[in-house]
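See below for the structure under consideration.
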Amino acid sequence: MSTENLTWTVGHVQITRVEEVITYMDASVLMPSFTPDMLDPHRDWLIPHFFSERNDKMALSIHSFVVQSQGRTIVIDTCVGGQDKGLPSDPNFPDRLDAAIEGGLGAVDIVLCTHLHFDHVGWNMRTVNGQRVPTFPNARYLFAKVEVDHTRTDDHMRVLGPSIDPIIDAGMADLVETNHTVTSEVCLLPTPGHTPGHVSVLIESDGESALITGDMTHTPLQFALPDLAASAFDTDSDQSTQTRIDIIERFADSDTLVLGTHFAPPTAGHVKRSGGYVRFA
């Protein structure tokens, strides 16, 4: 677990990464077509941050981003939470998140979930004195309407009961379009494929910009190999591949800072074309 939060400034917007946990896994668990030889042309920039030099395992970081924009405090994705879901979690994460936010969890205005997989919604709720309560008691929780509708037809990760419906039933949710504007500096960017209503988050302020990826990519290797799909969990891998291609075309060689929702530190960088490949610099 990282001991310090990472912070970036984009124009007038501040972004802080607060980590729940980093785990290492065989990349083929997420991307069944992955083979270790795919790393060979990219080892110089993937290792040691994003793949282990010792055994070629992929680093999967699970963290929230806290975004400060125009007096609003926004938490993007709430990580695994306190339930056994197949990825490690940390029961102390809400305390660290509380400490990272001026005014604590009660000062959060907006919780924004890029999609409704368990490692992005798990701390929407928590248990306090034996009762399940919203982790962010004064926030509006933003879910893409198409994402909620899809999850009602296929809740294979069992997120509705513990993490979504209690928020909706409490009247704390806003079901929004996938191009919703959060503030004049922060808006959703539709990036479907991993799920039908998956969104990334585009930040534009004072001539600077950043993109928070969500799971349109799980590892920077997918910028070099955009057809390397997380097909074990994608709803539509052909669409997720096209989304990555579109993102690369739009943001490669630009000044836009890219912050990977599952990228281990340093987490942020730029998508660059180099030597016939695209890399994360």
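I'm a student and want to see the number: the projected area of the Cα convex hull of region 91-159, averaged over all directions, in nm².
Details: hull surface 20.7 nm².
For region 91-159, the mean projected area of the Cα convex hull comes to 5.2 nm².
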- Query: Counting DSSP beta bridges in the chain, what percent are antiparallel, to the nearest 5?
  - Reply: 75 percent
- Task: Any chance you could get the radius of gyration and Dmax over the Cα atoms of region 48-96, in Å?
- Result: 14.6, 45
- At 20 °C in a medium of viscosity 1.002 mPa s, region 28-77 has a Stokes-Einstein diffusion coefficient, with Rh taken as the Kirkwood radius over alpha carbon pairs, in µm² per second, of 160 µm²/s
- Message: Within a 10 angstrom radius of the beta carbon, how do Asp98, Asp174 rank from fewest other beta carbons to most?
- Response: Asp174, Asp98
- Across all Cα atoms of region 1-107, Rg and the largest Cα-Cα distance (Dmax), in Å, are 16.4, 48
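Starting from region 116-199, pick out the GluC sites (Glu not before Pro) whose DSSP state is loop and whose Cβ has at most 15 other Cβ atoms within 10 Å.
Values: sites: Glu147, Glu177, Glu185; in loops: Glu177, Glu185.
Those satisfying the criteria are Glu177.
At 222 nm, what value in deg cm²/dmol follows for the chain if DSSP H runs of at least 4 each add -39500 (n - 2.57) and the sum is divided by all its residues, to the nearest 500? Before the final figure, lay out each step's value.
Numbers: 7 runs with 49 residues, N = 281.
Mean residue ellipticity at 222 nm (helix-derived): -4500 deg cm²/dmol.
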- Query: Arranged by the count of other C-beta atoms within 10 angstrom, fewest first, what order do Arg279, Arg250, Arg140, Arg54 take?
  - Reply: Arg54, Arg250, Arg140, Arg279
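Can you compute the charge dipole magnitude of the chain about its Cα centre, using +1 on each Lys and Arg Cβ and -1 on each Asp and Glu Cβ, nothing else charged? Give it in debye, rounded to the nearest 20.
Working: 18 positive and 38 negative charges, 59 e Å.
Its charge dipole is roughly 280 debye.
Whole number please: convex hull volume per residue, Cα atoms of region 50-187, in Å³.
Working: hull volume 19.2 nm³, N = 138.
Dividing the Cα hull volume of region 50-187 by its residues yields 139 Å³.
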- Item | Inter-centroid distance (Cα atoms) of region 100-122 relative to region 217-281, Å | 24 Å
- Query: For the chain, what relative contact order do you get, as a whole percent, if you take Cα pairs closer than 8 Å and at least 6 residues apart?
  - Reply: 17 percent
- At what distance in angstrom do the alpha carbon centres of region 27-81 and region 173-198 lie from each other? 21 Å
- Query: Among the lysines, which fall within straight-line cross-link reach of Lys57, defined as a Cα-Cα distance under 22 Å, with same-chain neighbours fewer than 8 residues apart omitted?
  - Reply: Lys85
- FRET efficiency estimate (nearest 0.05) - Cβ-Cβ, Val29 to Gln131, R0 45 angstrom: 0.80
- Taking amide H positions as placed in the peptide plane 1.01 Å from N, state which residues far from Cys79 in sequence (5 or more) or on other chains have amide H under 5 Å from it. His120, Val121, Gly122, Trp123
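Could I get the Rg over Rh figure for the chain? Both from C-alpha atoms, Rh via Kirkwood, rounded to two places. Write out the running numbers ahead of the final one.
On the way: Rg = 17.6 Å, Rh = 18.8 Å.
With Rh from the inverse mean 1/r over Cα pairs, Rg/Rh is 0.94.
Rule-based calculations on the coordinates, nothing more; no lab input. Predicted model, so just to flag it, every value in this text is computed and none were measured. Because the Cβ atoms are built from the backbone with ideal geometry, glycine has one as well, and the counts that use them run over all protein chains shown.
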